[in-house]
Amino acid sequence: MNLHSNPSPTVVLTIAGFDPSGGAGILADLKTLAANNCYGVAAITAMTVQNTQGIVAMQPVDAQFLRASILSLLADGRVKAVKLGMIGNRANAEVVREIMDANPSLPSVLDPVIRSSSGTDLMEPSGFDYLRENLLSRVTLVTPNMPEAAALTGLKVENLEEMKVAARKIIELGARNVVVTGGHLDKAIDVFAEGAKLQTFVGDRIKLENSHGTGCTFSSAIAANLALGRQVEDAVVLAKAYVTEAIRKAYPIGPGRVPLNHLYRLQQSPRPTEDAVPVA
């Protein structure tokens, strides 16, 4: 007899690095998934030593350990989508390819992390080459920022027109769908390529310093919406709206970069009723 009467939420697996400050990586992913009505489970690819001021050190986990972690979570049979973040090295990228090949029907989002916003390398060159050659074609959507799009394509990506060219090139490299995010532009413009179809999404430009973990958050929010059954374009639009508001409502937790407020929806107070009586 099933004694659990509460409905189970949709489960999303994030495979990414651990940021102990909570602004990016696994912790940001889990908060984002919860805020978007999903239950997050996680396999850690790398440990980092960092705070709001930057990364001091990064250590990838053993590839066999990563494989065991992922397989253990998938064995529950509840995962409905996968988010891929920082992978760290080629050995871990090979594990991810193996997992994607074994689960081709799972919606998946790849955030092709190369380095931190403070400039620390988070992926060895051979690992990134392997990612470009083997993972782009195995995921539902790729979400590079402008520097990552430049690294994937070998092109200069510094303005909107160059973002469009890069998006088309990433499709040529095998990706099914791609969003090149324009957080480095004067306006928050993203370029979305779905096969041969190309369009732009414009959002509000908010505080630049409230941007720690935007890539992780955006890709996780898309994965949540895909897991809930939404189409790719709709998932991207909803994720962009969520990230924009999370940036708007961010607050500092240290002297460095400000992380997004991933849980802002849980902090919104309900409107008082007209007959509410104030408590003395």
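Of the GluC sites (Glu not before Pro) found in segment 111-167, those that fall in a DSSP loop while having at most 16 other beta-carbon atoms within 10 Å are E158.
For segment 36-129, trypsin sites (Lys or Arg not before Pro) are listed when DSSP marks them as loop and at most 15 other Cβ atoms sit within 10 Å of their Cβ; the list is R78. Taking every alpha-carbon pair under 8 Å whose residues sit at least 6 apart, the chain reaches a relative contact order of 18 percent.
Could you run the Debye sum over the Cα atoms of segment 180-257, one equal point scatterer each and no solvent, and tell me log10 of I(q)/I(0) at q = 0.26 Å⁻¹, two decimals? Result of the Debye calculation: -1.32. Computed from the Cβ-Cβ distance with R0 of 35 Å, the FRET efficiency linking L155 to N6 stands at 0.10.
In terms of overall dimensions, the C-alpha atoms belonging to the chain reach 65, 55, 40 Å along their principal axes, ordered largest to smallest. At full extension, A68 and A102 could sit 10.8 nm farther apart than now, given 0.36 nm per residue minus the alpha carbon distance. Considering every alpha-carbon pair of segment 1-70, the percent of pairs per 10 Å bin, from zero through the bin containing the longest distance, is 20, 39, 28, 10, 3, 0.
Against the compact-protein benchmark of 2.2 N^0.38 Å, the Cα-based radius of gyration of segment 14-131 scales to 1.01. Subtracting the Cα-Cα distance of D121 and N37 from their residue separation scaled by 0.36 nm leaves 27.0 nm. Taking 7 Å steps out from each Cα toward its Cβ at A75 and L173 produces label points 3.5 nm apart.
Diffusion of segment 111-223 by Stokes-Einstein, at 10 °C in a medium of 1.306 mPa s and with Rh set to the Kirkwood radius over alpha-carbon pairs, works out to 112 µm²/s. For the pair E133 and R248, label points projected 7 Å from Cα toward Cβ lie 4.5 nm apart.
Since every read-out is calculated from the coordinates, none of them should be taken as a lab result. Predicted model, so just to flag it, every value in this text is computed and none were measured. Using ideal geometry, Cβ is built from the backbone for each residue, glycine included, and neighbour counts are taken over all protein chains shown.
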